[in-house]
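The values are calculated or read from the model by the stated rules, or taken from the named source; none is laboratory data. A quick note: this is a predicted structure, and the numbers were derived from the prediction, not measured. Every residue, glycine among them, receives a Cβ derived from its backbone with ideal geometry; neighbour counts consider all protein chains shown.
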Amino acid sequence: MKFGGTSLGDVTKIKAAAVRIKREVSKGNKVVSVVSAMAGSTNKLIKLVNEISQTHERSEYDVVISTGEQVSAGLLSIALKTIGVKSRSWTGWQLPITTDELHSKASINEIKTEKLKKSIENGEVAILTGFQGITKENKITTLGRGGSDTSAVAIAAALKADRCDIYTDVNGVYTSDPRIVKNSVKLNNITYEEMLELSSQGAKVLQTRSVVLAMNYNVKLQVLSSFDNLPGTMIIKEENDMEKTKISGIAYSSNEAKITIFNVPDNPGQAAKIFGALADEAINVDMIVQSSTLNGSATDITFTILESDIISAREVIENLKPDINFSSFSEDSKVTKVSVVGNGMRTKPGIAKMMFETLANNNINIQVISTSEIKISVLISSDYSELAVRTLHDVFGLDKV
Ligand code: ADP
Ligand code: ASP
Ligand code: MG
């Protein structure tokens, strides 16, 4: 049972989460609970770090921002004990959960489950801090924003749990973000592939890596509300007879930044140099376009990265200038990526046309496009993000699924 920040936002909510756990224990289930930091607390910690230095050392950043989870774990354990449930809290290093050295976006390498299993055998509910791990050199790491989802799925996989329930502030996965699109509809089921696309295109209800893990380790994953008792959304495998004509959802992400490098000499190896240097700094590049040139001597290369990587990216690009000899570069953080996702795209032509026409009819300019087998994404100005998401939701009939 994983509880997100809003589900642990204050003492009353923490007590309610404890009652929910007690209910599962009373059914005879053995429970491990993974917790996030109390709502807003990770943001506050990040703010503190940035107030001291924008170019801080990533490992110390992790030391600071991993602490919110420890507070929740202790509080939830205390709440359980007060209602007569045996429990114990565990931090990432205590198990340990070992990760690579990529601070602030580390990946889990291994979870030692011995202590956890002993705790469960002793009849305790184990409460685990999500989002954090430790390197081989005993340095604390974090798994990227929203990383408690990944911790929960990883623990479920390591323990071969029957289920991994993600308790959050909405009662499942919707056709779009219910905060933006009021008439979005809860989906009873969604395939791992579709969920993966929705998450990676901005639906933060599940961290993308948690979906990848669940898919690879066959974890039975469910998203449900911690505030009511309605059924949630099951993430399921695609079956042969499944309806393949549908669009499942519209996702958006405002945490994007667009960079354009102008007048890159048009010869082999330049893109490899640019994207290689960004990869070396663990900067993930998402959409890419390279403009063709009239005279064939130089091109402009545009790509998107996470807004939080912009300071590091700027440094990487400046360092490349003497080698590549481009003329200049520009950055724009006022962009949003909007995506249409659905298995139906594999078989149903015309989805892209419908998407682009809808945006054109609303006078929304498309800056970059990228596609996969089951997704079309466009980059637009942030001024139009809500308009784009809402109208696309209507045009694809998602209020009626
Ligand atoms: P938690 O604190 O539980 O981890 P998050 O804020 O990380 O919660 O994720 C839940 C939020 O995800 C919801 O409040 C909702 O605004 C947002 N969200 C975005 N897209 C979707 C979607 N397609 N379905 C459900 N929720 C979505
Ligand atoms: N507390 C962390 C965050 O805000 C991890 C999580 O919520 O999953 O990103
Ligand atoms: Mg989350």
Those residues of region 66-104 which are of a type outside the set (S, T, N, Q), within 23 Å of the chain's Cα centre (by Cα) and either within 16 Å of ligand 1 (Cβ to nearest atom) or on the phi > 0 side of the Ramachandran plot (or both), in sequence order: G68, E69, V71, A73
Those residues of region 192-231 which are away from ligand 2 (no atom under 16 Å from the Cβ) and touching a Lys or Arg at 6+ places or on another chain (Cβ under 7 Å) amount to Y192, E197, Q201, K220, Q222
Does D228 satisfy the criteria of being more than 15 Å from ligand 3 (Cβ to nearest atom) and farther than 25 Å from I111 by Cα? yes
Can you report the number of residues in region 203-225 which are surrounded by fewer than 22 Cβ atoms within 10 Å (Cβ to Cβ) and either on the phi > 0 side of the Ramachandran plot or hydroxyl-bearing (S, T, Y) (or both)? 4
One residue is enough: does region 184-199 have a residue meeting the conditions surrounded by 19 or more Cβ atoms within 10 Å (Cβ to Cβ), in contact (Cβ under 8 Å) with a residue 24 or more places away in the chain and touching a Pro at 6+ places or on another chain (Cβ under 7 Å)? yes
Could you say which residue among E51, E57 is at pLDDT 95 or above and of a type in the set (D, E)? E51
Filter pass, N138 being out of contact with any Gly (no Cβ under 9 Å at 6 or more places or on another chain), at positive phi and either free of Cβ contacts under 8 Å to residues at least 60 places away in the same chain or more than 16 Å from ligand 1 (Cβ to nearest atom) (or both): yes
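More than 27 Å from N183 (Cβ to Cβ) and not hydroxyl-bearing (S, T, Y): is that true of K353 in this structure?
It is false that K353 is more than 27 Å from N183 (Cβ to Cβ) and not hydroxyl-bearing (S, T, Y).
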